[in-house]
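Reading through the structure tokens given below for one structure.
The values are calculated or read from the model by the stated rules, or taken from the named source; none is laboratory data. Keep in mind it's a predicted model, so treat the numbers as computed, not measured. Positions of Cβ are backbone-derived with ideal geometry, glycine not excepted, and every protein chain shown enters the neighbour counts.
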Amino acid sequence: MSWQATILTLFPEMFPGPLGLSLAGKALGGGVWSCQTHDLRQHGLGRHRAVDDTPFGGGAGMVIRADVVDAALSAIQAPEGAPRVFLTPRGRPLRQQDVSRYAQGPGVVLLCGRFEGVDERVLEARGIEQVSIGDYVLSGGETAALVLLDACVRLLPGVMGSDESGVEESFSDGLLEYPHYTRPASWDGRDVPEVLLSGNHAAIAAWRQKQAEEITRERRPDLWSAWLDRRERNEAAAGRSGQSGRTGV
Ligand code: 6GU
């Protein structure tokens, strides 16, 4: 029973693409996950297998038809309970917590659009979530689907190994990660921060925490204020329960 990605797309050749290589590719070859594409064109109408039509109300671009998407959904065999996701810049932002939820389930069904969009009625009627991977516009949902799958697959049991890299990383506690250094200790006139060479593990942990906080404050004021709010709430909770220290997030 492996984690199953089912992808509805006009460009099935785009999968698994880069996910056939490296960590994700090994896991694919090893049967940890599977990647099944389904060509939307198979359900197109008429001699030209048309999947789209002009938008009611006018305007630029074309809209993928509800009946075409519905026929494709009926034709696939996705695991019971797999969330259906339409990749679109109009969606809610994809977060690590969504990725984690998807990875813990049986798999996902991903609908990739081209053109202006998909008829809203089929999204509503068939319980399809709308997700965006960022505030920029891609030419189609396929590359966004690859991003979502990469984020999910690396969380599947056995894919990343049992080292700490899955835990102590950006977003796991709401902060961006501290900077990394390796040999040589001096390069191009730049020295590695001295504390990292000290062997003092408590001092190193404190330095890394401070770096993570500063970088998050500078680069991601949104994450920073959320983290401050969370810390304040935790401290208040610790105070109420008579604890002296901070509790975990
Ligand atoms: Cl999910 N799809 C497309 N086409 N463009 C996007 C996106 C998704 N997320 C950001 N831009």
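Quick notes on this one:
- Of the candidates A60, A71, the single residue that is farther than 17 Å from E142 by Cα, assigned by TED's automatic domain parsing to the domain that holds V131, within 16 Å of the ligand (Cβ to nearest atom) and surrounded by fewer than 18 Cβ atoms within 10 Å (Cβ to Cβ) is A60.
- Residues located in the stretch 114-159, provided they are modelled with pLDDT under 90 and either among the aromatic types (F, W, Y) or under 25 Å from A24 (Cα atoms) (or both): F115
- Checked across the stretch 188-211, the condition of being in contact (Cβ under 8 Å) with a residue 12 or more places away in the chain and among the β-branched types (V, I, T) holds for at least one residue.
- When restricted to residues that are on the phi > 0 side of the Ramachandran plot and within 16 Å of the ligand (Cβ to nearest atom), the stretch 95-115 contains 1.
- Taking every residue in the stretch 145-174 that is surrounded by 14 or more Cβ atoms within 10 Å (Cβ to Cβ) and pairing it with any residue that is modelled with pLDDT of 95 or more and acidic (D, E), at least 6 positions away or on another chain, the pairs with Cβ-Cβ distances below 6 Å are S170/E177.
- Residue within the stretch 101-124 that is surrounded by fewer than 18 Cβ atoms within 10 Å (Cβ to Cβ) and of a type in the set (S, T, Y) present: no
- Condition check for Q77: assigned to a helix (DSSP H, G or I), at pLDDT 95 or above and away from the ligand (no atom under 16 Å from the Cβ): no
- Scan of the stretch 3-31 for residues that are surrounded by fewer than 17 Cβ atoms within 10 Å (Cβ to Cβ) and more than 22 Å from G140 (Cβ to Cβ), ordered by number: S22, L23, G25, K26, G29, G30, G31
- V118 being within 12 Å of the ligand (Cβ to nearest atom) and either polar (S, T, N, Q) or touching an Asp or Glu at 6+ places or on another chain (Cβ under 7 Å) (or both): no
- Qualifying residue in the stretch 90-99 (condition: β-branched (V, I, T) and either in a loop (DSSP other than H, G, I, E, B) or closer than 20 Å to H38 by Cα (or both)): no
- Total residues in the stretch 121-145, condition more than 10 Å from the ligand (Cβ to nearest atom) and either out of contact with any Pro (no Cβ under 8 Å at 6 or more places or on another chain) or not assigned by TED's automatic domain parsing to the domain that holds T54 (or both): 8
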